[in-house]
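What follows is a set of notes on a single structure, which appears directly below.
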Amino acid sequence: MHIRKAVLSAIALLGAGAAVAASTGVTAARPGATTAAAVPASVSTSASTSASGWQRVGNDIKSGISGLAVTSRSGGTYRALIALDNKRPGENRIARLTYGTGGSAHATGVRPLEWRGGAEPIDLEALEAVPGTSDEYLAVASRGLVYHLKSTEDGKAVEVRDLSPLPAIGQGDNFESFTLVSQHGRTAAVWADRGDGAGRPATLYAAPLSFNEYGESTFGAVTKAVYRAPYPTGAVRHASDLTVTDSGRLLVASASDQGDDGPFASAVSDAGSVQLDRSGRVRLRVAKHPEVLRKFTDHKVEAVDCVPGSGVAVLGTDDENAGGAVTTARVCD
């Protein structure tokens, strides 16, 4: 039996402790579909717009957005896949988001998807589209498990193609950030431990990434760098998500979380750059003095994704008991 198939459900159920104990070479098989639990009704299918431009897309702790991958844009309407960091069996893990701006705001809503092909993840925190595909994604759980997902033909579910741990997981790492960079026909992954206040900065990681015909992922040599957010301060998660612009600028979202009822504060900063050369080598540079591009009050930004060719990012929040919200910001120029 292929070793990936033997460990798929075991690793997912045990969490990153098992993922770290296994090596980075122990990942999941090409799994068959399993029946997903019913999706709870707590995920909002309607939205309300605040004076600050945020549109609320969930109203409780089960509907916050912890990761986001834009799939298409048509005029003022964006479509995306979103991750939700729910932990109990049967709670929604992934959904389709339609986000309408301006006169299209009425179109905003969330449609939950089924999770098939493996055990439901615990604490899914990041989501990214796989370059060169229209229906494949990588999702990352907080302890470092990477799920390679594929949308079903009917668009009602995602299936797990592969499951593997991130490489070079450090002691105490808690991951909320992950993105993919495609340059010169090569792909690299960039991710981060979120850090914790003044005592623990974020650790940024970058590595070449490739896939075989079964969707199994292989990470190359890992580069690391330390990152401290210029804003907010106090109970800050230095890296709550990250994205890379068309030109290779590294943007990092940071957030202050003082409890399930807030108060929250967030920012997106120009944190450096990521470059991938023709040989596949990754160059990660962190700015000595990151520039704050936008600040957000009363929201905990945990998802940011630049829309290629637009200069615009779609941002999502996990505002705990207040649910989730989305907006756009021109930070990707």
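The values are calculated or read from the model by the stated rules, or taken from the named source; none is laboratory data. What you see is a predicted model; the values in this text were computed from it and never measured. We place every Cβ from the backbone using ideal geometry, glycine too, and count neighbours over all the protein chains shown. Remember, those area values only see protein heavy atoms, side chains included, never the ligands or the DNA or RNA. Shrake-Rupley method; radii C 1.70, N 1.55, O 1.52, S 1.80 Å.
Results, tabulated for the structure shown:
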item: The stretch 129-189 shape via C-alpha gyration tensor axes, a/c threshold 1.5; result: oblate
item: Prolate/oblate/rounded label for the stretch 288-333 (Cα gyration tensor, a/c 1.5); result: oblate
item: FRET E, pair H106, T233, Förster distance 45 Å, beta-carbon r, rounded to 0.05; result: 0.75
item: Backbone HN-Hα couplings from phi across the stretch 248-259 [Karplus 6.51/-1.76/1.60, Hz, Gly and Pro as x]; result: x, 5, 9, 9, 10, 8, 10, 8, 9, 10, 10, x
item: Local net charge near G199, Cβ-Cβ under 14 Å (Lys/Arg +1, Asp/Glu -1); result: +2
item: Neighbourhood net charge (10 Å Cβ-Cβ; Lys/Arg +1, Asp/Glu -1) for L113; result: +4
item: Relative contact order %, the stretch 106-191, counting alpha carbon pairs below 8 Å whose residues are six or more apart; result: 26
item: For G220, net neighbour charge (Lys/Arg +1, Asp/Glu -1) across residues whose Cβ lies under 15 Å away; result: +3
item: Gain on full stretching of the segment that runs from D333 to T152 - 0.36 nm per residue minus C-alpha separation; result: 61.8 nm
item: The stretch 53-99 - percent of accessible surface contributed by carbon and sulfur, probe 1.4 Å; result: 42
item: Percent accessible area from carbon and sulfur atoms, the stretch 178-333, protein chains only, probe 1.4 Å; result: 45
item: Derived scalar couplings ³J(HN,Hα) [the stretch 106-121; Karplus, 6.51 cos²θ - 1.76 cosθ + 1.60; whole Hz; x for Gly, Pro]; result: 5, 7, 5, x, 10, 10, x, 10, 7, 10, 10, x, x, 4, 4, x
item: Anisotropy class of the stretch 175-217 from Cα gyration tensor, a/c 1.5 cut; result: prolate
item: Loop-located trypsin sites (Lys or Arg not before Pro) in the stretch 234-278, at most 10 other Cβ atoms within 10 Å (DSSP); result: R278
item: Dipole magnitude of the stretch 75-171, debye to nearest 20 (Cβ charges: Lys/Arg +1, Asp/Glu -1, about Cα centre); result: 180
item: In sequence order, calculated HN-Hα J values of the stretch 265-279 (Karplus, 6.51, -1.76, 1.60; Hz; x Gly/Pro); result: 8, 8, 7, 10, 10, 7, 9, x, 7, 10, 10, 10, 7, 5, 7
item: Heavy-atom surface of the stretch 171-244, accessible at 1.4 Å and reported per residue (Å²); result: 38
item: Above-threshold pairs, the threshold being 24 Å between Cα atoms, out of K87/K150; K150/K300; K156/K300; K62/K300; K150/K224; result: K150/K300; K156/K300; K150/K224
item: Separation in nanometres of the label points that stand 7 Å from Cα toward Cβ, at R79 and S310; result: 1.3
item: Virtual spin-label span in nm between K224 and S279, 7 Å along Cα→Cβ; result: 2.4
